[in-house]
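Rule-based calculations on the coordinates, nothing more; no lab input. Computed from a predicted model, the values in this text were never measured in an experiment. Every residue, glycine as well, gets a Cβ built from its backbone with ideal geometry; the counts of neighbours run over all protein chains shown.
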Amino acid sequence: MRIFFSMLFVGVLAWMNPLAVSAADTLLVIGDSIAVGTASALSPTKTSAVVGANSKTIAGFAVSGTYTQMVISAGSNDKGQNFTTAQQQSYLKAIRDKQPNAKTVWILPYDAAMKAVVRSVAASYGDSTVDLSQFSSADGLHPKSYSSLASSVKTALGSTAAASASGSNAATGSGAEETAGTVSGDSISGLIPCGNASIPCTLCHFITGIANLITTIRDVMFFIGLAVITAMAIVYIVSGGDQKLMTLAKDGIKYTLIGILFILFAWFIVETVMFNVLNARNDLGVGAQFRGVDGYQFNCDATSRSGEQVETYGSSALSTQYNTSVSVSSNAKCSDMNAALMADVNAAGYGVPPALLVAFMRRECAPALTNPNACSSNNSYTAGGPMQFTDSTWKGLGCTGSKFNRADALKCAAKFISKSSGGDYSVVGIYKAGDAYCGSCVDKNACGGNYCAGIVANYDVYKNC
């Protein structure tokens, strides 16, 4: 009995303190959509990340303030950008130099060539790395589990801190990650992961907040139960053979264990019901995955066309300042809007102007304007169909039917454009939607070049037809 309670006490301590935490730290997560996904699990002080961003784009991010820690995810979108190794290295160094004194962890891309370049730059600074190849991926670009990636990043941040312990930060323990639940800078972590300029609150966040509250109540009650068990164990140990005290201790332990089991059972049932309801209502934008003893992890995620995962629609991307004065020519013509196409377009819904959907389709798969079966195979990014969706994007958006079916693809695109634009179909709103759809309005080479300006140029033609 005494051995049992000793082991229980040690186990409780281990569970209560899985990783050293210091409130003195401030954490910046910067990079592409992998950074966005990682940030959703880390709750950093500030996130500066845009879906689809390559190293050059990230190097151009303006970051204000000074942070003690930094996590960088860059390089995954550099393939196909025709950067020389020297150019890529210079962009990566520019990113690193934004916080020269921060303890930094780099997330290495899946692609071997890109990984080698990122690793070499990280090594030149003496930084730690986390290799994405240790995590399973559905598309070769993104990990299936951001919680697992975040856990490894936390460990790497701790290792970085240990390596720096001989310096001035050793006394404060500032190498550990930011304390969960603190409010600092642009980030609010805790029960509801939103409520700032970069992450506006949505219905999805309210739902995930409820899930987090339920889990928090479970944890509190569990620790109360363990405290009662510990107290009863002490009573049993000091009872000196007194039968009344021994019986009291045994009953206390028995009924507390029953209570803990009941709490765990109720928690599991509630989360399972939530999971099944949310799966049935995938239009709410809530993602969920089962994580064993941790139960279900609920989050606000969706995926962009190129497979870049976005944890919330329009986080950093919507705050990007666009140069909407860029003007490009368009080959769009009113005859593109044929009767068969417009029947599918008009049925798409979500309040998106039909002319704007046609403008997007012309950029994504122009042959589909006249041939509903065009673009019937996936490209190297596993995107395919008239609106060029990846399978993970399609599933993440909760779209039905087939991405290769023109009518179905238009409905899915309308859903995405409506949400990412916020229902604003002015030039700025179109740029927001285009940025989310392609991954960048800033990079002139992204998605065939001048993507957002091209959409606007097409729309200017079609809306007057």
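Length gained on full extension, residue 400 to residue 374: 7.5 nm, using 0.36 nm per residue less the C-alpha separation. Computed from the C-beta positions of residue 339 and residue 148 and an R0 of 45 Å, the FRET efficiency is 0.35 to the nearest 0.05.
Couplings 3J(HN,Hα) for the stretch 406-413, derived from phi with the Karplus relation 6.51 cos²θ - 1.76 cosθ + 1.60 (θ = phi - 60°), are 4, 5, 5, 5, 5, 5, 5, 5 Hz, where x marks Gly and Pro.
Protection proxy ranking for 342-348, 143-149, using the average of other Cβ atoms within 10 Å per residue and placing the highest first: 143-149, 342-348. Applying 0.36 nm per residue to the separation of residue 266 and residue 329 and subtracting their alpha-carbon distance, the gain on full extension is 16.6 nm. Tell me, in nm to one decimal, what length is gained between residue 465 and residue 90 on full extension, where the rule is 0.36 nm per residue of separation less the Cα-Cα distance? Result: 130.3 nm gained on full extension. Shown in residue order for the stretch 53-64 are the 3J(HN,Hα) couplings computed by the Karplus curve 6.51 cos²θ - 1.76 cosθ + 1.60 at θ = phi - 60°: 5, 8, 4, 5, 5, 5, 4, x, 5, 8, 10, 9 Hz (x for Gly and Pro).
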